[in-house]
Amino acid sequence: MRMVMQMMDQQQAEQQTKNNTLEINIKHPIMIGLNELRKHDAKTAKKIARQMMDNVLMQAGIPFDMNQAVSRNNAILEEYVGFVKAKAAPKL
C-alpha cells in the first residue's frame, strides 16, 4: 500500500511541475537591485537569486529539497548579519 501511495505522490509531483511558467518582471525594484548587486558581487547575487527561486517553488507547492533551501537561506542571513555587524562596529 505504501508503494502505491508513493507512486501516486510521485506522479502528482511530476504533473505539478509539467505546465508551470515563471514570469519575471525585470522592472520590479527587487530585480533591478539584484541586477545591480550582480555587477558588484555576483556570488551574493547568485545566492539571493537561488533563494528567490526557492520561494517561488514553495509558493507554487512544487516539491524541492527544503534542507538545501534552509541551508542557503541561513548562509544569506549569516552573511547579512556579519555585514551589519562589521558596519556597526566602532572604528578605532
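The values are calculated or read from the model by the stated rules, or taken from the named source; none is laboratory data. It should be emphasised that the depicted structure is a prediction, and the values quoted were computed from it without experimental measurement. Virtual Cβ from ideal backbone geometry, glycine too; neighbours counted across all protein chains shown.
Looking only at residues in the range 58-83 that are touching a residue at least 12 places away in the same chain (Cβ under 8 Å) and part of a helix (DSSP H, G or I), the one that is farthest from the chain's Cα centre (by Cα) is 79. Residues satisfying the criterion are absent from the range 81-92 (criterion: under 24 Å from residue 10 (Cβ atoms) and loosely packed, with under 14 Cβ neighbours inside 10 Å). Among the residues of this structure, residue 58 does not count as one that is surrounded by 11 or more Cβ atoms within 10 Å (Cβ to Cβ) and farther than 16 Å from residue 22 by Cβ. Considering the conditions (1) at pLDDT 70 or above; (2) assigned to a helix (DSSP H, G or I); (3) within 17 Å of residue 61 (Cα to Cα); (4) of a type outside the set (A, V, I, L, M, F, W, C), residue 12 is excluded by exactly one of them, (1).
Among residues of the range 26-57 being within 11 Å of the chain's Cα centre (by Cα) and among the polar types (S, T, N, Q), the one that is farthest from residue 9 (Cα to Cα) is 51.
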